[in-house]
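The values are calculated or read from the model by the stated rules, or taken from the named source; none is laboratory data. Predicted model only: the values in this text are computed from it and were never measured. Quick reminder, even Gly has a Cβ in these numbers, built from the backbone with ideal geometry, and neighbours come from all protein chains shown.
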Amino acid sequence: MQSTLFDAEFMRKLETLRLLARKVFRGQSQNDRTTLRRGMGLEFSDYRRYHAGDDFRYIDWNVYSRLDRLFLKIFTAEEDLTIHLLVDTSRSMQVGTPPKLDYARRIAAALGYIGLNGLDRVGAVSFADELGRPMPPQRGRQQIFALFKYFEDLPCQGSTDLNRVLSNYARQSAQGGLAIVLSDLLDAHGYARGLDALAYGRFDVLVIQLVDETELYPPFDGALRLQDIESTQQRRLTVNRRLLERYRQKVLDYFNEIETFCARRNIEYLRASTTIPFEDVVLRYLRRGFYLQ
Amino acid sequence: MTWLNPAALAFLGFIPVVLLLHTLRHRRRDVQVSTFFLWESVLREAHGSLGWQRLVQNLPLLFQILLIIVLTAALANPVLTRAVTDNKDIILVLDVSASMQTRTSQGSRFTQAQQRALEVLQNLPSGRQMALITAGRQPQVVEFFNADKDVLREAIMRQQPTDASGNMREALILALSFTQGSGTHEVVAIGDGAYGPLHGMDAQRSPIRHMQVTGGEKNVGITRMALRKVQDAAETYDMLLAVKNFSSQPVQVPLQVTAVLRKPLLERSVALQPGQEEVIVATLPGPLKGTVQAEVLIDDDFPLDNRAYGVVATPTQTWVLLVGESNYFLETLLTSLPGLLVNVAPQVSEDTLPRLLEANQLIIFNGVQPPPLRRGHFLLLNTAPQDQRLVTEGTVQRPQVLDWQRQHPLLQFVDLTALHVEEALVVRPETGAQSLVDATWTSLLSVIDEPPLRVVMLAFDLMRSDLPLRVAFPVLMSNLLRWLHPPQEEMSAGHVQAGMPHTIFFDKPVSHITVQDPQGKQRDYSVTGNPWTFADAQKVGTYILRTGEAKHYLAVNLLDAAESDINPSDQLASFAPGVKPAAPQHAGVVETPLWLYVLLGAVVVLLGEGYVWCKDF
């Protein structure tokens, strides 16, 4: 099982991990995750009165012998988790060395691999100003190649409209679960409504913001013609030391604003610089944040 | 404002070059960024407006363009032109008399006068000329008409007040002579108004503008000083000293007379009312030799006249042999002259003459024929020598004086105007002799000056003329004795007012003389004649003139009551602008150069650009 996204050694390390969701979701298939559904799991949940048609196998006969009344034992169903990988493919993601999109692809692939390996359902969708072609949530390790292929073929195009695409996804998605958003979150229109739509819906949201160092420390000064890579707008200006310092402060303020927002919405947030090897992001930072077990 | 060097404006052509360089240097690089909204937010917060942002971004360029403009302006030599209606050449008369040393609260009067002179120069219309005349004891043209203000400014600043009396009248007359009666010249006199009489100037044709400097009014000064040895008493001297209060308040003046090494000779205190002069005659104990200094110990505004100097020299003794007829006037005069000892003889033969020459420095033949004269000093009165150089041809009645050589040492200060002579010998000086007083048909005074023989011949009888009754007689005799028999001691002395020439007689040929001034500076002079006139006694004090081993002390003093009177003269109004100035001929302009200020502006711009560069706007 070879991939251009990462090597076999890394994949072996990923096999020992599983994704954690803080919310409890209703699954589709039986698995080892606790769900809201009462079912045939191993963990006792409650009693209820017997009604006609209930399965006799769950009647607690010991209670019946003492009370002469029929009660059914109710167990928590253990089902699978649906993992939604939302990858930003707007043109701003091609900035950086390596490009932020490559970095996002690898992290998404790694997380998808962990999910599929843990028998969870894993779906993926790219987005820019519109939702891209989705890969519906599927289960089973045989889906790994399809998932990798999906990520490898992601085009980098369009501008960013986080509010619209995330709201649409929250509305359109039939299945809740863990929504992992991989984006640089650089959207002039904002990100709040989109993330709110996910968080207030059926999703446990993990936002991984990808940042290239050149965005925080621009390696240029002097007379420039800045080009917005998404809108192709141009702006002539002369960049000097003082302006760069103001810009850096502005960027840090923006990042802190995102972090504060996520904390208030109970949205998990991780900022990843492309200078950090993505293996470390997966194996160390995500584990440290208790997103992986 | 006008540009004196408009060709320099071509340097403005550098502006397009700078713009081109700026454009090339600031060719903008294309840079792709992930998003704009953060940059725009930063720019909004940093500059508020795009216009300001552009301005700030282009500050270095603006400074560079401004620098080119300012430097070009400086090179173009801008001048601020101011139209003036008075467009005349100026003859500036600057008072350099001793009273200009008067101290005021704003420096000396002369310092103020220099400033006023510079103001006049500054306002001199462009293209007009100015001449500078100093009014010292003798007027001096320092700078003839010149339009170069730098030269004129340097000439004004070079001047210093002298210790001598001033003669503003002569200076103004000289200045007026330059105007040639035209209306295109203006005489500007700058001084303290403490001048002598100013009458007789043609101020109607060329107005004189007087600019008076003021300040300083308290002065007490020594106006006269004389020293002489008492003839009848050994080693005793008489001193005459006059002290005058020129202030408006009564003063008590301590007075001190000291000899060499400040040895006190006299101490006295004199009370003087305003304008009062006190004459002090005192006897000083001897022996005295060298400089005697009189001093009023008072701190006033004009300290120059607080000291006066006198010199005492060893008196010389001159033996004179009077041969011939008795002459009351001559004998009285000879016996009254100090240091002169007179012998009388009725006749002198050729044989006895050599012996008599050894005993007498001067032999006077009065009306008797002298023997042949080959060496020695002789005065012949109404008689002729047996010499081919002075030929006599009878007599002439009532000869009229036609002219006399005023510059000859024998006739200095001698006025022979309307001299009456009843009868005189007809004398025709030949080669080797010289006529000093020419009269009708004869020479009244002739000399033979061929060392070792010196003969002075007066061609008439003193008793048959009015010469003995005139002031000229003792002056002539004094000059004659000094010329025929100069002081032969190692030390002689003289007195002179500052700025006045002093004549020295030598008894033997001298080629050069060394003069030490009161400050101790020495200077060598070439001696071109005998007597020799020393004209550089400009400073108050004692000069020492050395010729070999001999020393001649010269006491130089101000001793001028008119000059010590530092208050403005009452006659000042007589030549102050009492006439209307001539109608302006042409409107002129005064140019004030501005290049220095523009250059300072360039420095400021340069500093501004440096600041912008350091701050990295």
Candidates B:Leu425, B:Leu419 - the one that is surrounded by 18 or more Cβ atoms within 10 Å (Cβ to Cβ), in a loop (DSSP other than H, G, I, E, B) and modelled with pLDDT of 90 or more: B:Leu419
Extreme residue, nearest to B:Val496 (Cα to Cα), among residues of segment B:195-232 that are of a type in the set (Gly, Ala, Ser), in a loop (DSSP other than H, G, I, E, B) and at pLDDT 75 or above: B:Gly216
Filter result for the condition that a residue is more than 9 Å from every other protein chain (Cβ to nearest Cβ) and either basic (Lys, Arg) or within 25 Å of A:Ser90 (Cα to Cα) (or both), over A:Arg241, A:Arg264, A:Arg235, A:Arg246: A:Arg264
Residues located in segment B:563-574, provided they are at pLDDT below 85 and either of a type outside the set (S, T, N, Q) or within 22 Å of the chain's Cα centre (by Cα) (or both): B:Asn567, B:Pro568, B:Ser569, B:Asp570, B:Leu572, B:Ala573
The one condition in (1) more than 17 Å from the chain's Cα centre (by Cα); (2) in a helix (DSSP H, G or I) that A:Asp102 fails to fulfil: (1)
Among (1) modelled with pLDDT of 90 or more; (2) part of a loop (DSSP other than H, G, I, E, B), the one test that B:Val456 misses: (2)
Scan of segment B:8-46 for residues that are at the interface with chain A (Cβ under 9 Å from one of its Cβ atoms) and at pLDDT below 80, ordered by number: B:Arg25, B:His26, B:Arg27, B:Arg28, B:Leu43, B:Glu45, B:Ala46
Cβ pairs under 7 Å, 6+ apart, first in segment A:171-195 and more than 14 Å from every other protein chain (Cβ to nearest Cβ) and under 18 Å from A:Arg271 (Cβ atoms), second surrounded by fewer than 23 Cβ atoms within 10 Å (Cβ to Cβ) and of a type in the set (A, V, I, L, M, F, W, C): A:Ala192/A:Phe261; A:Leu195/A:Ile267
Looking only at segment B:453-471, and only at residues there that are surrounded by 22 or more Cβ atoms within 10 Å (Cβ to Cβ), over 20 Å from B:Phe413 (Cα atoms) and of a type outside the set (Phe, Trp, Tyr), the one that is nearest to the chain's Cα centre (by Cα): B:Val455
Candidate set: segment A:122-149, residues that are in contact with a strand residue (DSSP E or B) (Cβ under 8 Å, 6 or more places away or on another chain), free of Cβ contacts under 8 Å to residues at least 12 places away in the same chain and more than 17 Å from A:Ile107 (Cα to Cα); chosen: the one surrounded by the fewest Cβ atoms within 10 Å (Cβ to Cβ): A:Arg133
Residues of segment A:201-221 satisfying the condition of being surrounded by fewer than 21 Cβ atoms within 10 Å (Cβ to Cβ) and either free of Cβ contacts under 8 Å to residues at least 12 places away in the same chain or at the interface with another protein chain (Cβ under 7 Å from one of its Cβ atoms) (or both): A:Pro219, A:Phe220
Single condition B:Gln53 does not satisfy, out of (1) out of contact with any His (no Cβ under 6 Å at 6 or more places or on another chain); (2) surrounded by 17 or more Cβ atoms within 10 Å (Cβ to Cβ); (3) of a type in the set (S, T, N, Q); (4) at pLDDT below 90: (1)
Segment A:86-107 residues that are within 12 Å of chain B (Cβ to nearest Cβ) and surrounded by fewer than 22 Cβ atoms within 10 Å (Cβ to Cβ), paired with ones that are of a type in the set (Lys, Arg) and assigned to a helix (DSSP H, G or I) (beta carbon under 9 Å, 6 or more apart): A:Gln94/A:Lys100
Residue in segment B:394-413 that is assigned to a loop (DSSP other than H, G, I, E, B) and in contact with a Lys or Arg (Cβ under 8 Å, 6 or more places away or on another chain) present: yes
Unmet requirement for B:Leu357, which otherwise passes all of (1) closer than 23 Å to B:Ser478 by Cβ; (2) surrounded by 18 or more Cβ atoms within 10 Å (Cβ to Cβ); (3) touching a residue at least 24 places away in the same chain (Cβ under 8 Å): (3)
Matching residues in segment B:495-517 - criterion: being farther than 27 Å from B:Ser564 by Cα and part of a strand (DSSP E or B): B:Ile504, B:His512, B:Ile513, B:Thr514, B:Val515
Lone qualifier among A:Val165, A:Val211 - being more than 15 Å from the chain's Cα centre (by Cα), among the β-branched types (Val, Ile, Thr) and within 30 Å of A:Arg248 (Cβ to Cβ): A:Val211
In segment A:50-68, the residues that are out of contact with any Lys or Arg (no Cβ under 6 Å at 6 or more places or on another chain) and assigned to a loop (DSSP other than H, G, I, E, B): A:Tyr50, A:His51, A:Ala52, A:Gly53, A:Asp54, A:Asp55, A:Asp68
Subset of segment B:505-555 [under 22 Å from B:Arg454 (Cα atoms) and under 20 Å from the mean Cα position of the chain (by Cα)]: B:Trp532, B:Thr533
Which numbered condition B:Thr81 fails, given (1) outside any helix (DSSP H, G or I); (2) modelled with pLDDT of 80 or more; (3) out of contact with any helix residue (DSSP H, G or I) (no Cβ under 8 Å at 6 or more places or on another chain): (2)
Single unsatisfied condition, B:Ala171 versus (1) in contact with a strand residue (DSSP E or B) (Cβ under 7 Å, 6 or more places away or on another chain); (2) over 30 Å from B:Asn306 (Cβ atoms); (3) small (Gly, Ala, Ser); (4) modelled with pLDDT under 90: (2)
The listed residue being farther than 30 Å from B:Thr223 by Cβ, in contact (Cβ under 8 Å) with a residue 60 or more places away in the chain and within 34 Å of the chain's Cα centre (by Cα), out of B:His485, B:His408: B:His485
